[in-house]
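Right, one structure below, let's go through it.
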Amino acid sequence: ACGGNDGQSADAGKNDGGDTYTFKASHVVQESHVWHKTAEKFGEELEKLSDGRMKLDIYSASTLGLEQDMVQQLETGSIDFGFLTNAYMSTREVSLNSWFMPFLFSDLEDANKMRESEETKQMLEELGSQGLLGLDIAFAGNRHILMKEGFIGTPEDLKGKKVRIIGSPAMQSFWEKTGAGPTAMPLPEVYTSLQTGVIDGMDIDLDALVTEKYYENAKYLTLTNQMTFPTVVVMSQASFNKLSEEDQGIVKTAMKTAVDWGAQEAIAREKSNLEELKKNGVEVQELEDHSAFDGIAEEVRTQYAKESEIIKSFIETAQND
Amino acid sequence: MAIALILFVVLLLLRIPIAFVLGMTTIVYIFATDNMGLMLTVPQRLYSGMENYGLLAIPLFMLAGELMNSGGITKRLIDFAKSFVGHFRGGLAYVNVIANMLLASIIGSATAQIAMMSRTMVPSMEKEGYSRPFSAATTAAAGLLGPIIPPSMLFIIYGVGSGVSIGSMFIAGVLPGILLGLSFIILIAFIGMKEKWPTQQRARVSEVFISFIKVIPALLVPTIIIIGILSGVFTPTESAAFACLVALIVGFFFYKELDLRKLPSILVNTAVTTAIITLLIAMANLFGWMLSFELVPQKIAAWMVALTDNPLLFLLLVNIFLLLLGMFMDGIAALIILVPIFAPLLVNYGIDPIHFGVIICINLTIGILTPPVGSGLYIASSLSDVSLGALIKAMWPFLIVSLVVLLIITYWTPLTLWLPSL
Amino acid sequence: MKIVYRLSDWVYKIEKVLAVIFGAAILISLSAGVIYRYFLKVPLLWSDEIAIFSLAWITFIGGSMGIKQNASPSITMLTDFLKGKVKKIVLIMGFLVMVAFIGYVLYLSVNWLNSPNILVQKSNTMQMPKIWSYLCIPISFVFMLVHSLELLVKGLYSSDGEAF
Ligand code: NA
Ligand code: NA
């Protein structure tokens, strides 16, 4: 919330058209990532809609701390906007696990449809109790499976394999049920661990696969779409309250435009990343029939539907779609 | 920002530990810029600095060092080196360098190594007729190998800060470490010829054989680490845990010198030496957060890029800057503060982050032997009872050799990048 | 004054016990992680979390012990050069600043842990409430405060301010 050289954003300087602001936005990914591009788009929209009164500084790649630190700073209004991974936020708000229900979406477009759903609105509202104004959900490619040896068609293919996953309880629960040995290894260790065989494969999105070049050590990519991997876009409630009603409207419109754009960009990247991977000699196979996984998927969904009404209703809506 | 800098220096002069000075400066900065909302994040941020898997190797390598000393492993390594090269002119000086190279394949810190070797090597070299300042200087210089030959604390901290794989950093350090060791050996041969040093009686083949048999269990420690990492049994971090287990087993069952009743005090020592580094990291994490808030890295980046677009010139500037900084600041602290500033610049110059990591770590390691602030210098001087002046006088040929090696590593990239690319 | 010394020694004993426990925990959990994954083929998901939890505790408890032992690196250029009363003044100022800083961070950390959102947070794998990890900050800063008060008192009673 530092407005240029002085304190909180909302009490930065005046000019004829209203207050001027320099907001701070923070996220955990590199600057090439679609979430960063979405944040940049948001900055452009803000400037356009406010006639230059609003500017955005973006702090990328966790420069202002881990996600737990970011939330802390969002609560006090030291940061105004945050793009927080659903993996982290679902440990703070259980209904967000909806996005991690296995095999609910056949592709990224399918997942994006649920963005406007009533259940998504409810999840975002739940964040209010933590001093956060939930604005939207943005995407970054679905999760697929990359292995050193062979494609994945059934859970049997994963049995006893050491697979790197993201340490979120819902994801873990799915992976444990497949019979694979999921391990939550930190990212910088993954490349060499694939090389030496500490792990046999990983749960990954195509964007990360292209930028981190894991395919140099593991060639078999099965397009499984077992989950999607969104970011929760939030604003500090404290920062929001300081804005005039008109400015609040500008912020919301600008973010909506940026996330709409980002969703299309993510879908386009899913395609171009796949082309790039094929060009680099990655063996790609689509998992057309995931019925072998349905039993496991159902177990996870039932378990989480019990934990939250929102999840239960989210699963129903997504299935009926 | 200027106030923060002045405050930083004043607090340091009051002999406040560097770790705490970093924290104090950040707090005063938050007050001065009236960003009180940030204050509540201070403890959170302190804690989060520690939530990093890569840092786990630090207590484990500290523990491995303590266990090896208490379990008699260090002693066997020195005896082994002695039986091999002890009979040459200047034999014990070579023994010193080679034993340090062996030790470096287990220990990750220069100061730890200098402390271990000053107690054993300096008295025995003096007994053989070497001057005490020269003995201490050789020991301190050879200690530089500690963080360059893997495993290495500095490489871990660099990897953690820059996102580069710690395993790749370890592999990249092998050839530069060997080059530095060989350069010291050549330097010693040169000095030895000039000063007509004593030679020892050549060890009999049977003696060599016996010391070799005795050293085998000790060599198990680095062997298991290397094989374990290469074959994919464990990650570099986990290898540190296994180094401890093997050191425990070897010290207890093979050499029978490890007293299990000593274990609690070994763990207490480990906690204190670990915290010296990790608390510094936690506080530097706060300090770095303040720099990020002020967009300092971006400003320095813009300035650097405007200054030169030549990668070699950039590396030269960085080297000079780091050598100057290394005179006044402890290597690990400097590394923690600088990595987030320099790492984003590398893309602009097309410099490989692994190559850069090796350069900056060797550079800052040299800094522990340069006055006025040089922890390695003080440890060697106090443990071997040599005055600082005499030690520095005996040290400068070693420093010059180190700088030449640093330049070679800077400009000849295959030395660092060839092994990791295999 | 004796009470400060005795308190500090007593705290130091507790710290030693904690250091042994958490040090052993790092070693055991990481080794067990490898053994389970590689030899028994069942990964131990919690081993990394236990190890990181222990590292945080060791860092701040060990940092406090470092104050007691005078083990933390500091710059001695000025204080080595000074003598007598001037040196005492400089050192006492340093000790006072330490006490103030540690006290202030302690105050901040108590406020931090009192905020309602702390109890929402759980660790990823074990689902252990994060408060158990976070507690290492206020507890070790209480310990640091005791040790730094001891330094201050010792400094005041010595001729040149040296507490060691
Ligand atoms: Na080493
Ligand atoms: Na120095």
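Rank B:F254, B:F88, B:F293 by mean-square fluctuation in a GNM of chain B with C-alpha springs under 10 angstrom and give only the top-ranked residue.
Evaluated over chain B, the most mobile residue of the options is B:F293.
What dipole magnitude, in Debye to the nearest 20, does the protein assembly as shown give about its Cα centre under +1 on Lys/Arg Cβ and -1 on Asp/Glu Cβ? Provide the component values of the computation, followed by the final result.
Values: 63 positive and 79 negative charges, 1034 e Å.
Once rounded to the nearest 20, the dipole reads 4960 debye.
Using a 1.4 angstrom probe, figure out how much accessible area the protein assembly as shown has per residue, in square angstrom, rounded to the nearest whole. All intermediate terms of the calculation are to be shown ahead of the outcome.
On the way: 34530 Å² over 907 residues.
Each residue of the protein assembly as shown exposes 38 Å² on average to a 1.4 Å probe.
What's the lysine pair count for segment C:2-157 at a Cα cut-off below 21 Å, pairs eight or more apart or interchain?
Taking segment C:2-157 as the scope, the lysine pair count is 15.
Work out the length of the dipole vector of segment A:208-304 about its Cα centre, built from +1 on the beta-carbon of each Lys and Arg and -1 on the beta-carbon of each Asp and Glu, and round it to the nearest 20 debye.
Values: 10 positive and 17 negative charges, 70 e Å.
Here the size comes out at about 340 debye.
Would you work out the charge dipole size for chain B about its Cα centre, treating the Cβ of every Lys and Arg as +1 and the Cβ of every Asp and Glu as -1, and quote it to the nearest 20 debye?
On the way: 19 positive and 16 negative charges, 235 e Å.
Computed charge dipole of chain B: roughly 1120 debye.
Give a quick list of trypsin sites (Lys or Arg not before Pro) in segment B:159-219 that DSSP marks as loop, anything other than H, G, I, E or B, with at most 14 other Cβ atoms within 10 Å.
Details: sites: B:K194, B:K196, B:R202, B:R204, B:K214; in loops: B:K196, B:R202, B:R204.
Those satisfying the criteria are B:K196, B:R202, B:R204.
When the Karplus curve 6.51 cos²θ - 1.76 cosθ + 1.60 is applied with θ = phi - 60°, which whole-Hz ³J(HN,Hα) does each residue of segment A:215-228 get, with x for Gly and Pro?
5, 5, 10, 8, 9, 9, 10, 9, 7, 9, 6, 5, 8, 10
Debye sum, Cα scatterers, segment B:51-421, no solvent: what log₁₀ I/I(0) at q = 0.07, 0.10, 0.13 1/Å?
Evaluating at q = 0.07, 0.10, 0.13 Å⁻¹ gives log10 I(q)/I(0) of -0.30, -0.61, -1.04.
For segment C:9-79, calculate the relative contact order in percent as a whole number, restricting contacts to Cα pairs under 8 Å that are 6 or more residues apart. Kindly include the intermediate steps, with their values, before the conclusion.
Details: 47 pairs, mean separation 25.6, N = 71.
Rounded, it is 36 percent for segment C:9-79.
Before we go on, tell me the buried accessible area for the B/A pair, both chains summed, 1.4 Å probe, in Å² to the nearest 100. Intermediate results must be reported in sequence, preceding the final value.
Working: alone 18920 and 13570 Å², together 30300 Å².
In total, this chain pair buries about 2200 Å².
Could you tell me the distance between the Cα centroids of segment C:12-59 and segment C:102-137, to the nearest Å?
First find each Cα centre; the distance between them is then 20 Å.
Where a ≥ b ≥ c are the square roots of the eigenvalues of the C-alpha gyration tensor, would you call segment B:281-379 rounded, which needs a/c under 1.5, or, failing that, prolate if a/b is larger than b/c, or oblate? Display every interim value, and only then the final one.
Values: a/c = 2.05, a/b = 1.30, b/c = 1.57.
Oblate, because a/c is 1.5 or more while a/b does not exceed b/c.
Select from B:L77, B:L63, B:L324 the residue whose mean-square fluctuation is largest in a Gaussian network model of chain B (Cα-Cα springs shorter than 10 Å).
B:L324
Straight-line reach from A:K41: which aspartates and glutamates fall under 15 Å, measuring Cα to Cα and dropping same-chain residues less than 8 apart?
A:K41 reaches A:E31, A:D57, A:D136, A:D260, A:E265.
Please enumerate, by chain and number, the lysines with C-alpha under 19 Å from the C-alpha of A:K37, excluding those fewer than 8 residues away in the same chain.
A:K24, A:K48, A:K55, A:K252, A:K256, A:K271
Roughly how many percent of the accessible protein surface of chain A is carbon and sulfur, given a 1.4 Å probe and a whole-percent answer?
45
For chain B, take the longest principal axis of its alpha carbons; what is the angle in degrees between that and the long axis of helix B:2-13, to the nearest 10 within 0 to 90?
30
For chain C, what relative contact order do you get, as a whole percent, if you take Cα pairs closer than 8 Å and at least 6 residues apart?
31
Which of B:G232, B:G326, B:G143 moves the most in a Gaussian network model of chain B with Cα springs under 10 Å?
The residue with the greatest mean-square fluctuation here is B:G232.
Could you pull out every one of the aspartates and glutamates with an alpha carbon less than 19 Å from that of A:K312, ignoring same-chain neighbours closer than 8 positions?
A:E93, A:D110, A:E116, A:E118, A:E119, A:E125, A:E126, A:D294, A:E298, A:E299, A:D321
When only DSSP loop residues count, what trypsin sites (Lys or Arg not before Pro) in segment B:215-323 have their Cβ near at most 13 other Cβ atoms within 10 Å? Intermediate values should be presented prior to the final figure.
On the way: sites: B:K256, B:R261, B:K262, B:K299; in loops: B:K256.
For trypsin sites (Lys or Arg not before Pro) across segment B:215-323 that sit outside H, G, I, E and B with at most 13 neighbouring Cβ atoms in 10 Å, the list reads B:K256.
Could you tell me whether segment B:74-144 comes out rounded, prolate or oblate from its Cα gyration tensor? Rule is a ≥ b ≥ c as square roots of the eigenvalues, rounded for a/c under 1.5, then prolate if a/b exceeds b/c, otherwise oblate. Before the final figure, lay out the partial values.
Numbers: a/c = 1.90, a/b = 1.24, b/c = 1.54.
Here segment B:74-144 falls in the oblate category.
Can you give me the Cα centroid spacing of segment B:214-283 and segment B:80-133 in angstrom?
21
At a threshold of 8 angstrom on Cα-Cα distance, excluding pairs fewer than six apart, so keeping six or more, what relative contact order does segment B:51-421 reach in percent?
On the way: 555 pairs, mean separation 100.5, N = 371.
Contact order relative to length: 27 percent.
The values are calculated or read from the model by the stated rules, or taken from the named source; none is laboratory data. For clarity, every value in this text was computed on a predicted model and none was experimentally measured. Every residue, glycine as well, gets a Cβ built from its backbone with ideal geometry; the counts of neighbours run over all protein chains shown. With ligands, DNA and RNA removed, areas are computed over all heavy atoms of the protein, side chains included. Shrake-Rupley method; radii C 1.70, N 1.55, O 1.52, S 1.80 Å.
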